[in-house]
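In what follows, a single structure is set out as structure tokens and then discussed.
The values are calculated or read from the model by the stated rules, or taken from the named source; none is laboratory data. Remember, it's a predicted structure, so these values are computed and weren't measured experimentally. Glycine gets a Cβ as well: all are built from the backbone with ideal geometry, and neighbour counts include every protein chain shown.
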Amino acid sequence: MKILYITAGAAGMYCGSCLRDNALAAELMQLGHDVTLLPLYTPTLTDEPNVSEDRVFFGGISVFLEQHSALFRHTPRILDRVWDSEFALKAASRRSIAVDPQSLGDLTVSMLRGLEGHQRKEFFKLIEWLGEQEPPDIVNLPNALLIPLAAPIRKTLNRPVCITLQGEDLFLESLPEPTRSQSLDLIRSSISSVDAFIAVSSFYADSMSKYLSIPREKIFTVPLGINLKGHGGGEKNGNTEGFKVGYFARIAPEKGLHVLADAYVKLRKQGELTDARLEVAGYLAPEHREYLKDSEKRIKDAGFESEYHYHGVLDRDAKIRFLRSLDVFSMPATYAEPKGLSVIEALANGVPVVQPRWGAFPELIEKTGGGVLFEPNDVESLAKSILELWKNQEMARDLGRRGAEAIKREYSVTEMARQALDVYSSIISTFKP
């Protein structure tokens with residue numbers, strides 16, 4: 001099968017969607033399929049061999065300049081190549097620029113307007129390039145925010161277009177009005193131009209069907225999968241440095257580090273949890289530095305600063321070592337998280353997880369048997385769940401073993417690729433130009 005998979009770069013951040021897209025494309029290639037992984041905005045950053053193309057469309061610098069100045073909407077392409085070059089995009093990605101939905105409302109609306117927006121020149125560049133290539137059997141877009149690409153790609157290639165749904169509602173809900181409502185209206189008006197949607201969990205398929213008014217029968221589910229190489233290197237031994245409670249995710253309020261910090265402090269103050277540590281790792285964006293400081297201050301003010309350590313951004317090998325060092329893992333997201341990639345990675349390493357009872361987590365725990373659920377945004381409920389595993393560490397180890405075994409069956413990259421191919425075949429077989 002010949003597949004064009006478009007992915008969206010996230011500058012200098014390890015992004016769960018980028019990691020998923022790259023892992024899927026790499027596995028499909030390994031299985032003998034002809035896959036082009038084409039990045040938009042910036043080159044992608046992955047912690048595995050990157051299989052994406054060197055060329056980047058909709059370069060982040062061009063998109064920004066065209067939004068803010070009419071001059072750059074008409075510059076010749078020879079000039080565009082300067083700021084669309086890999087060197088320029090990587091250099092821009094290394095700058096510590098705070099990017100958040102509140103500042104991107106107008107740009108989001110412009111992009112969703114497609115050929116009627118300020119970035120219409122970028123649409124034509126991509127469409128022209130596609131017209132010069134051998135047509136793929138199917139095109140996969142990475143999220144609903146790129147839905148304006150569906151109609152022109154479908155028309156140019158006369159091939160089906162599908163869109164992966166993997167967390168865009170969090171961004172959309174963070175947009176200020178009126179851009180939030182405008183964005184939702186623009187996405188909903190383009191649903192008919194997409195042949196099918198692929199959600200990363202059953203929860204998200206149901207949720208996005210309602211949120212974006214997508215007919216439920218038009219949404220397939222392909223659960224996340226990870227490359228298991230290096231994960232789960234044998235039986236875990238007991239920690240000699242105390243009971244380690246761990247967090248690995250972006251450092252951001254919606255991922256819930258503050259909830260975990262409060263639960264840890266509560267347990268230590270009560271005196272029931274002894275000889276413990278709180279280990280934290282993950283990407284920290286400039287706009288969330290104060291958030292991390294506030295979470296750390298809660299621990300310091302309570303007198304447990306010596307038991308806490310922030311490890312920063314970790315590459316793949318360091319990530320696996322970090323996860324394997326933990327006794328229990330929690331990413332207590334404050335919203336209905338659709339993916340939970342780091343939860344799957346923790347389970348793959350035999351670490352039991354404690355997750356809120358919403359989003360994709362209930363189905364993940366049900367399918368793996370690798371952890372326990374607590375009431376969302378409830379510090380007391382999280383603390384009790386962690387304490388239960390500390391008191392019964394044999395049960396915790398059993399949860400970890402079951403979780404690791406289930407990840408091998410249900411959440412490997414090979415299984416993700418198999419299910420994706422089934423969906424692609426179904427879409428191609430029913431395609432009507």
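It is to be established whether one or more residues within segment 248-263 are under 19 Å from Glu388 (Cα atoms), out of contact with any helix residue (DSSP H, G or I) (no Cβ under 6 Å at 6 or more places or on another chain) and not aliphatic (A, V, I, L, M). No, segment 248-263 has no match at all.
Residues in segment 30-68 that are touching a helix residue (DSSP H, G or I) at 6+ places or on another chain (Cβ under 8 Å), under 19 Å from Pro136 (Cβ atoms) and of a type in the set (A, V, I, L, M): Leu31, Val35, Leu37, Leu40, Val51, Val56.
Would a scan of segment 122-140 turn up a residue that is among the β-branched types (Val, Ile, Thr), crowded, with 21+ Cβ neighbours inside 10 Å and assigned by TED's automatic domain parsing to the domain that holds Phe57?
Pass one, segment 122-140, residues among the β-branched types (Val, Ile, Thr): 127, 138-139.
If we keep only those that are crowded, with 21+ Cβ neighbours inside 10 Å as well, we get 138-139.
Still in the list and also assigned by TED's automatic domain parsing to the domain that holds Phe57: 138-139.
Yes: segment 122-140 contains one or more residues that are among the β-branched types (Val, Ile, Thr), crowded, with 21+ Cβ neighbours inside 10 Å and assigned by TED's automatic domain parsing to the domain that holds Phe57.
Considering Ser174, Ser190, the condition of being modelled with pLDDT under 95 and assigned by TED's automatic domain parsing to the domain that holds Gly114 is satisfied by Ser174 alone.
Residue count for segment 8-24 satisfying the condition of being under 18 Å from Ile163 (Cβ atoms), touching a Ser or Thr at 6+ places or on another chain (Cβ under 6 Å) and of a type outside the set (Asp, Glu): 3.
Yes/no per residue for (1) touching a Ser or Thr at 6+ places or on another chain (Cβ under 8 Å); (2) without any contact (Cβ under 8 Å) to a residue 40 or more places away in the chain:
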position	(1), (2)
Arg321	no, yes
Arg324	no, no
Ala336	yes, no
Ser342	no, no
Glu363	yes, no
Asp378	no, yes
Leu389	no, no
Asp422	no, yes
Ser426	no, no
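Determine whether Thr334 is of a type outside the set (Gly, Ala, Ser), over 25 Å from the mean Cα position of the chain (by Cα) and part of a loop (DSSP other than H, G, I, E, B). Give the steps one after another, and end with the answer.
Values: of a type outside the set (Gly, Ala, Ser): yes; over 25 Å from the mean Cα position of the chain (by Cα): no; part of a loop (DSSP other than H, G, I, E, B): yes.
So Thr334 fails the test.
Residues in segment 9-34 that are of a type outside the set (S, T, N, Q), touching a strand residue (DSSP E or B) at 6+ places or on another chain (Cβ under 7 Å) and buried (at least 21 other Cβ atoms within 10 Å of the Cβ): Gly9, Cys18, Asp21, Ala23, Ala25, Leu28. Only one of the listed residues (Arg180, Arg268) is surrounded by fewer than 20 Cβ atoms within 10 Å (Cβ to Cβ), assigned by TED's automatic domain parsing to the domain that holds Lys155 and not β-branched (Val, Ile, Thr). That residue is Arg180. Across segment 217-237, a minimum of one residue is classified as modelled with pLDDT of 95 or more and in a helix (DSSP H, G or I).
Here is the figure for segment 412-430: residues that are surrounded by 17 or more Cβ atoms within 10 Å (Cβ to Cβ) and not in a helix (DSSP H, G or I) total 1.
Suppose we filter segment 244-282 for residues that are of a type in the set (Lys, Arg) and without any contact (Cβ under 8 Å) to a residue 40 or more places away in the chain; how many remain? Break it down into steps so the answer makes sense when it comes.
Narrowing segment 244-282 to residues of a type in the set (Lys, Arg): 244, 250, 255, 266, 268-269, 277.
Going one step further and asking which of them are without any contact (Cβ under 8 Å) to a residue 40 or more places away in the chain, we end up with 268-269, 277.
Within segment 244-282, residues that are of a type in the set (Lys, Arg) and without any contact (Cβ under 8 Å) to a residue 40 or more places away in the chain number 3.
Evaluate segment 345-352: report whether one residue or more is more than 14 Å from Gly232 (Cα to Cα), free of Cβ contacts under 8 Å to residues at least 60 places away in the same chain and either outside the structural domain of Met208 (by TED's automatic domain parsing) or outside any helix (DSSP H, G or I) (or both). Among the residues of segment 345-352, not one is more than 14 Å from Gly232 (Cα to Cα), free of Cβ contacts under 8 Å to residues at least 60 places away in the same chain and either outside the structural domain of Met208 (by TED's automatic domain parsing) or outside any helix (DSSP H, G or I) (or both), which makes the answer no.
For segment 169-185, residues that are part of a helix (DSSP H, G or I), over 23 Å from the mean Cα position of the chain (by Cα) and not hydroxyl-bearing (Ser, Thr, Tyr) total 2. Within segment 322-333, not a single residue is surrounded by fewer than 16 Cβ atoms within 10 Å (Cβ to Cβ), farther than 20 Å from Cys15 by Cβ and basic (Lys, Arg). The C-beta contact set for segment 113-130 (first residue farther than 21 Å from Ile191 by Cα, second residue in a helix (DSSP H, G or I) and not hydroxyl-bearing (Ser, Thr, Tyr), distance under 7 angstrom, 6+ apart or interchain) comprises His118/Glu66; His118/Gln67; His118/Arg73; Lys121/Glu66; Lys121/Arg73; Glu122/Val63; Leu130/Ile153; Leu130/Leu157.
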